[in-house]
Each structure stands twice: as C-alpha cells, then as structure tokens.
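The values are calculated or read from the model by the stated rules, or taken from the named source; none is laboratory data. Predicted model only: the values in this text are computed from it and were never measured. Counting neighbours? That spans all protein chains shown, and the Cβs are built from the backbone with ideal geometry, glycine included.
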C-alpha cells in the first residue's frame, strides 16, 4: 500500500543517471483547464516530489503556464520540452529551444525531445541538440514516438550514452512498446516515459472485466484504480509516467501511485486483464 508521505519516488533517468520522479506531470491540454487550478496542481505536484514536468512547444499556452507554476522553484524541477518536427532543422531546433526557454522563463531545459520523426534529417536535429548541450541551454536530449528502427538510426548517429529518453504512448489498453521498444531502451540505458498513461479519457470503467480487476487490486492496497494502473506501467525500472492533473487533489492522487507495490500475482492478474496483444505494424502514437 502507499506510504504515508504521499510523495513520488525517484529513480535514475537515462545514461546520466540523474534522479527523476517516477510519476511526473504531463501538460498536454492543461491550458484548457482552469488556469489557477492547473497552476495549483503543478505546484502541489512539486510539493509531493513530482519534479518531472513535461511540456512542448506544440502544447499552446502550456509552456507559459508551466513557467508561472515553477517560478521560484526551478531547481526542484526536471523540465522537459519538445521541438516540433516542422522546426527540427539544425537552425530551427536552436531557435525553437530559445522560444521555449523564453516562454518557460528559464535558462535551461533538463531534457529536450524531438516530438516525432519529420522530414528534416535526424542528424541535423541531433547536431542541434549537441550544440544546445554545449551551450548549456539543455542538459540532455531525447526523442518521442520513436520505434526501434528510428532508435537504431538515432543511436548510429549519436553513439551510446547520448539518448536520454524515448517518450511514447503507454497505458493499460496500449502496451505495444513492451514488445520491442522497452527492451531496446533498457539495453541502451535509455529511459522510457509513458505519456497518456490513463488512455486519453478512456480509462477502464468499473463494470468492465479489466476495471473490476483494477478495483480488486486497488482495494487490497488501499489505493485507487488509477494508482494501480500507474504502478503497473512503471513496474520496470526503466519506465516513468507523466499523467496530467488539473487539480491539486488529482496531483496528490497521482503522486501516491509511486508508493504502490504490486505483487507478482497482481501483475499477472493485470497482464491477463489487459494483454499486450500482437506486435504492431507501426508504433501507436497520439
């Protein structure tokens, strides 16, 4: 069951091994929520150790919102943003990063990601990332929505120990990355960050078979079904999750998930209730 602190635990993230909260805070569509409530949620998350905050230039007003939420608390945050593929030329990546830094009101990003593959050569984007590292504008870089072939290409360009993470779609009903992407990342010391871990407003209901399994395990751990889901998704040391919370109470609920310790029987039950399914022809993404 969760401990009494309600705080999110940390584990090493990527080849640098910096400690990052297992359960972080996503911000996709957060700017559509009540602004004051969203800022309070992010700050409550920081209070509870969820320093891993993820955003992107694509997320509209999310970057300025995050900037306001972390004002005066920057050193508590592992801050991640992303460059759009349409901006990911070597020069365009540098310019996009400067814009994100300005919106976030910070002098650095802890990690900067390519949001997904686009038309610009991957070598150019990676060269820009390394330029930004050298300039101290970012401390590490990674990718998002990369399948194994994409990861192989990035590794061939950058070499071992440079790719910090791969941010990918992962929830109970979408476990495709467990076939090959997670094993690849684990073999190369790359962190895996699960986005949309509750399934984009399609979380299993209490009347579904899977929902009943979740509820039974949650009751045994004095936890919530969503906490159990996050614990299942992050059961491997390489995996982190970034659920969104638009209220302080929701942020606290997410943070407590890091303390849920599932038994082998719990994991087997959820594995049967939410099977991985066949190997996909292409990597699922939102």
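Structure data summary
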item: Number of the exception - residue 229 against (1) closer than 24 Å to residue 13 by Cα; (2) surrounded by fewer than 24 Cβ atoms within 10 Å (Cβ to Cβ); result: (2)
item: Qualifying positions in the range 262-274 - assigned to a loop (DSSP other than H, G, I, E, B), over 21 Å from residue 24 (Cβ atoms) and touching a residue at least 12 places away in the same chain (Cβ under 8 Å); result: 274
item: Options 41, 56; residue that is in contact (Cβ under 8 Å) with a residue 12 or more places away in the chain, touching a strand residue (DSSP E or B) at 6+ places or on another chain (Cβ under 6 Å) and crowded, with 17+ Cβ neighbours inside 10 Å; result: 56
item: Residue that is nearest to the chain's Cα centre (by Cα) [pool: residues in the range 145-174 that are within 15 Å of residue 282 (Cβ to Cβ) and surrounded by fewer than 24 Cβ atoms within 10 Å (Cβ to Cβ)]; result: 169
item: Enumeration of residues in the range 29-60 that are within 15 Å of the chain's Cα centre (by Cα), modelled with pLDDT under 95 and not in a helix (DSSP H, G or I); result: 29
item: Unique match (being closer than 19 Å to residue 29 by Cα and either surrounded by fewer than 23 Cβ atoms within 10 Å (Cβ to Cβ) or touching a strand residue (DSSP E or B) at 6+ places or on another chain (Cβ under 6 Å) (or both)) among 241, 259; result: 241
item: The range 182-198, subset touching a residue at least 24 places away in the same chain (Cβ under 8 Å) and farther than 15 Å from residue 234 by Cβ, residue surrounded by the most Cβ atoms within 10 Å (Cβ to Cβ); result: 190
